[in-house]
Amino acid sequence: MGIAEDRLNISFKELENIIKVDPGLTSKILKVANSALYARQSDITSLQIAITLLGFKNIKSLVILVTASSFYLKDRRTDFYKNFWRHSIITAFLGKEMALKASKKDIAETVFIGGLLHNIGRALLFNLDKKKYDEVLKAEKENPDFIEVYEENAFGVNHRQVGAEIFRKWTFPEVYTDIVLEHDSLHITSAHKTTILYVTVASLITESAGFGVFNSKKEELLNKLAPHISLTDADLAEYKEHILEILKTDSLFFECRTLFGFG
């Protein structure tokens with residue numbers, strides 16, 4: 001995450017050195033590079049060629065996806081992780097789709113990674129005390145409020161605060177710390193406000209489409225934020241009703257469904 005993107009000759013080599021020490025990661029990167037997504041006349045057997053072909057930002061996203069899938073597969077029988085990763089992945093792909101559609105190519109990949117990571121604090125709190133966090137999730141389903149209220153009642157802190165603090169300790173780029181801290185907020189103070197808006201709106205649409213808990217307060221927030229990224233009521237309705245059909249046109253989403261084993 002900390003590799004500079006403005007010195008690509010050096011960055012590509014650094015990225016290759018990180019990936020090649022993990023045989024499982026290397027094989028999955030090569031598998032994706034040889035998939036229909038990047039179909040070529042001859043097989044790609046070199047990690048260096050795969051990185052060059054896919055591009056730095058795509059590779060970075062893939063590394064995160066593949067790494068996340070390995071964690072998911074260990075806990076896939078847990079309802080929490082099944083729902084957590086499905087929501088995160090759909091949010092990531094939808095956010096990227098919306099950014100590209102709005103000609104925001106410069107932030108599309110950041111929105112994608114931000115979508116994958118925005119709820120990381122939930123996983124941290126769940127791992128801290130699974131039984132207590134299950135009660136938090138139950139309260140969220142039964143009451144029309146944001147989950148932060150019930151997290152603070154149970155843990156004295158919410159998932160946004162925990163996730164942001166962890167990212168600071170891990171020296172993640174500021175934009176991801178800000179996404180974690182300020183998503184689902186009406187008053188965004190970060191310099192990366194536009195990126196956070198795309199992640200938040202994508203997350204809320206994903207929840208409204210049945211991949212998460214959606215209530216009247218979230219609907220109110222979505223309706224207030226959507227116009228800030230030029231989404232109309234018709235756009236929202238289209239995404240809510242046809243979210244998976246829209247994303248299935250993305251070949252990388254197909255590969256991701258294979259990684260995580262969901263439709």
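The values are calculated or read from the model by the stated rules, or taken from the named source; none is laboratory data. If you're wondering where the values come from, they're calculated on a predicted model, not measured in any experiment. Cβ atoms come from the backbone with ideal geometry, glycine included; neighbour counts cover every protein chain shown. Only protein heavy atoms, including side chains, enter the accessible area calculation; ligands, DNA and RNA are left aside. Shrake-Rupley method; radii C 1.70, N 1.55, O 1.52, S 1.80 Å.
According to the calculation over all Cα-Cα pairs in region 100-251, the P(r) per 10 Å bin from zero is 11, 39, 36, 13, 0 %. Taking the alpha carbon gyration tensor of region 182-263, multiplying each eigenvalue by 5 and rooting it gives semi-axes of 24, 15, 12 Å, largest first.
Pairs of lysine in region 142-248 with Cα under 21 Å and at least 8 positions apart or on different chains: total? Can you show the working numbers first?
Numbers: 193/217; 193/218; 193/224; 217/240; 218/240; 224/240; 240/248.
Number of lysine pairs found: 7.
Normalised Debye scattering of region 77-148 at q = 0.18, 0.28 Å⁻¹ gives log10 I(q)/I(0) of -0.76, -1.18, counting only Cα atoms as equal scatterers and leaving out solvent. Each residue of region 205-218 was assigned a 3J(HN,Hα) from its phi angle through the Karplus curve 6.51 cos²θ - 1.76 cosθ + 1.60 (θ = phi - 60°); the sequence is 5, 4, 5, 5, 7, x, 10, x, 8, 10, 9, 4, 5, 5 Hz, with glycine and proline shown as x. Give the residues of region 229-263 whose amide nitrogen is closer than 18 Å to a point set 7 Å from the Cα of residue 186 in the direction of its Cβ. Answer for region 229-263: 229.
Seen from residue 136, the other residues with C-beta closer than 13 Å to its C-beta sum to a net charge of -3, counting Lys and Arg as +1 and Asp and Glu as -1.
Expressed as a fraction of 2.2 N^0.38 Å, the value expected for a compact globular protein of N residues, the C-alpha radius of gyration of the chain is 1.00.
So what's the back-of-envelope 222 nm ellipticity for the chain, counting only DSSP H runs of four-plus at -39500 (n - 2.57) apiece and dividing by all residues, rounded to 500? Present the calculation step by step, with values, prior to reporting the outcome.
Values: 15 runs with 189 residues, N = 263.
Rounded to the nearest 500, the figure is -22500 deg cm²/dmol.
Within the accessible surface of the chain, defined with a 1.4 Å probe on protein heavy atoms only, the carbon and sulfur portion equals 51 percent.
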